[in-house]
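See structure below.
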């Protein structure tokens with residue numbers, strides 16, 4: 001359930017033109033803003049003052065941006081453009097008729113602490129009813145609130161004790177890469193006719209599976 005306090009409500013419409021007129025976007029991306037997005041609203045402002053939590057070392061505040069779609073899905077490139085245009089940590093609520101999806105990307109400050117560097121992929125929930133969104137305020141600092149949002153949205157990301165969110169994301173991405181490679185090799189093994197090559201491929205699969213198991217946090221502990 002989404003349990004943001006009433007005092008976090010901001011509810012300010014952001015003109016779509018703000019993003020495709022003032023930022024370098026392709027005609028195709030501009031077309032998405034015009035044809036696929038009905039409206040963009042700054043829904044909530046989550047901060048120490050509005051949540052009654054402590055300031056974070058990494059996170060000053062989180063803005064909740066609601067994007068109402070005219071149809072279909074929204075490409076990740078559009079989220080990146082909006083993320084780049086608003087210099088805060090953003091939590092997106094995508095709305096399609098009466099269904100919602102929450103999405104968020106990890107952003108970290110640059111070494112100079114003057115801007116954000118995108119971490120790559122976005123985490124997202126399935127489409128669901130608004131009151132089913134798995135978003136709750138969890139933690140006594142803005143850092144903890146932010147990190148728990150990404151965990152709640154991903155549904156699978158686990159941060160073991162002593163690890164940071166960034167390291168957990170990096171390890172999870174590496175495990176996904178290993179699993180994709182294993183699947184490719186297993187497909188190749190099924191087609192291979194030469195026995196010596198079968199042995200070599202099988203050995204490589206075993207090695208990669210061992211590496212993937214070492215990064216499995218399913219029980220909350222790195223193996």
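The values are calculated or read from the model by the stated rules, or taken from the named source; none is laboratory data. Values in this document were obtained by computation on a predicted structure and should not be read as measured data. We place every Cβ from the backbone using ideal geometry, glycine too, and count neighbours over all the protein chains shown.
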Out of all the residues in the range 147-178, which are closer than 30 Å to residue 203 by Cβ and in contact with a helix residue (DSSP H, G or I) (Cβ under 6 Å, 6 or more places away or on another chain)? 175, 178
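Per-residue answers, yes or no, for (1) outside any helix (DSSP H, G or I); (2) within 28 Å of residue 129 (Cβ to Cβ); (3) without any contact (Cβ under 8 Å) to a residue 40 or more places away in the chain; (4) in the same structural domain as residue 122 (by TED's automatic domain parsing):
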position	(1), (2), (3), (4)
31	no, no, yes, yes
39	yes, yes, yes, yes
42	yes, yes, yes, yes
45	yes, yes, yes, yes
60	yes, no, no, yes
101	yes, yes, yes, yes
Of everything in the range 48-59, what is closer than 17 Å to residue 9 by Cα and surrounded by fewer than 20 Cβ atoms within 10 Å (Cβ to Cβ)? Give them in sequence order. 48, 49, 50, 52, 53
When you scan the range 173-193, do you find a residue that is in a loop (DSSP other than H, G, I, E, B) and not assigned by TED's automatic domain parsing to the domain that holds residue 88, even just one? yes
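Of the residues 23, 74, which single one is in contact with a helix residue (DSSP H, G or I) (Cβ under 9 Å, 6 or more places away or on another chain), in contact (Cβ under 8 Å) with a residue 24 or more places away in the chain and surrounded by fewer than 14 Cβ atoms within 10 Å (Cβ to Cβ)?
Numbers: 74 fails: surrounded by fewer than 14 Cβ atoms within 10 Å (Cβ to Cβ).
One residue alone meets the criteria, 23.
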Exactly one of (1) at pLDDT 90 or above; (2) more than 14 Å from residue 208 (Cα to Cα); (3) buried (at least 17 other Cβ atoms within 10 Å of the Cβ) is unmet by residue 191. Its number? (3)
So residue 162 passes all but one of these: (1) surrounded by 15 or more Cβ atoms within 10 Å (Cβ to Cβ); (2) under 30 Å from residue 59 (Cα atoms); (3) not assigned by TED's automatic domain parsing to the domain that holds residue 101. Which condition number does it fail? (1)
